[in-house]
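Where a number appears in this text, it was derived from the coordinates with a stated rule and is not lab data. Every value quoted in this text rests on a predicted model; they were computed, and no experiment measured them. We place every Cβ from the backbone using ideal geometry, glycine too, and count neighbours over all the protein chains shown.
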Amino acid sequence: MLNNMPRFRANSPLAPQSVIPADEPQDNGMLAEELFVRMLRLERKRTERSHRRFVLMILESGELMKAGNRNETLDKVLRALSQATRDTDIKGWYRRGDAIGVIFTEIAAAEEKSVVRFLSTKVTDALYDTLSVGQINQIRLSFHVFPEDWDNDGPDGPANSTLHLDLARDATKKPITAVLKRLMDIAGSLAALALCLPVLFAIAIAIKLTSKGPILFRQVRLGQYGKKFTFLKFRSMYVGNDHAIHEQYVTQFIAGAQGLEQSGPDQRRQYKLTADPRITRVGRLLRKTSLDELPQLLNVLIGEMSLVGPRPPVMYEYKCYDLWHKERLIAVKPGITGLWQVEGRSRVKFDEMVRLDIRYARSWSLWLDIKILLQTPLAVISGAGAC
């Protein structure tokens, strides 16, 4: 049982030997911040397997824990939480000394809204039984359901990392590298746009002369944390086509359906939609050479994408995702090229592609980005797996 795990006070002989300042609030039997974050990640993994949702409640104390008698106040808060929670619910520091987290486990999908209302009422009533009105006014309660329903979070999708605190903290561990990655994105996209300007004009003219419709293809896709943005490509299809062909293929590909393999020029298996009647003659050349991707440099320049990262999915693709697939959209921004493009591309199954994206997201570095960027032209020239 999770509630029977050992929870050591700072002065326990079994606890890590570190000096805690006298003005720091004691743990009072709660999980330490590092352990609570690990448990939050573990619950996400369990939900990915069981599909039983959980609710994360965060109690932010504001100035309450910074005032006098903080340990006495904390005891009252914890006493209220013990009245409003089950033994199996997990309590700990979401942010030590500032925010307490409670993970309410095993919530059925159909019950989540009623459960959140019930929990909110129960916790609030318990707090009113132990704290004064003035103290309660300094407290902020928020409830977060995992997995998030990105379809119902407004036009921009969820733009926070509350339920993925471990991934957000990993990103903050290398802030200088993150700034350098952004600078590389800006410099790289500007340089590529300047160098490719004649090619961009030539492609635009070719598209306009050979088929009716706009030069650019615009499509809503999902970026980091499910944030929606307008994805740009050179139009490679006829106007007014039905995307049902691609949607059906994507659904089968993600499900791992048999019979999708095609034999490529190098006699290796490839997973891609071939003989697509929606694509124009110019479009086939653009897709084969990946030149249709060049307008995404504008997405990179304005910060919606990166030069290197996972490919951003369309909505009907995302709806077919299993829970664990979604991690590829959390840790890093989507990119024009990535580990999948240079190591797998259309030669690997969907689950293998996701594992490559997650591997990149967990271990990205400037050097890895540079290696991928250097390998990308060879992958483009060879056309291996291009579609």
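To the nearest Å, what is the center-to-center distance of the range 33-48 and the range 349-363, using C-alpha atoms only? A separation of 20 Å, based on Cα centres. Using the Cβ-Cβ distance between residue 238 and residue 187 with R0 set to 51 Å, the FRET efficiency from 1/(1 + (r/R0)^6) comes to roughly 0.90. Per residue, the convex hull around the alpha carbon atoms of the range 282-387 comes to 104 Å³. Summing Cβ point charges (Lys, Arg +1; Asp, Glu -1) relative to the Cα centre of the range 170-382 gives a dipole of roughly 220 debye. Cβ crowding within 10 Å ranks 75, 129 as 129, 75, fewest other Cβ atoms first. Using equal-weight Cα scatterers in the Debye expression, the normalised intensity of the range 170-382 in log10 at q = 0.16 Å⁻¹ is -1.23. Between residue 197 and residue 113, the distance separating the two model label sites (each 7 Å from Cα on the Cα→Cβ line) works out to 5.4 nm.
Full extension of the segment from residue 71 to residue 381, taken as 0.36 nm per residue of separation minus the current Cα-Cα distance, would add 105.1 nm.
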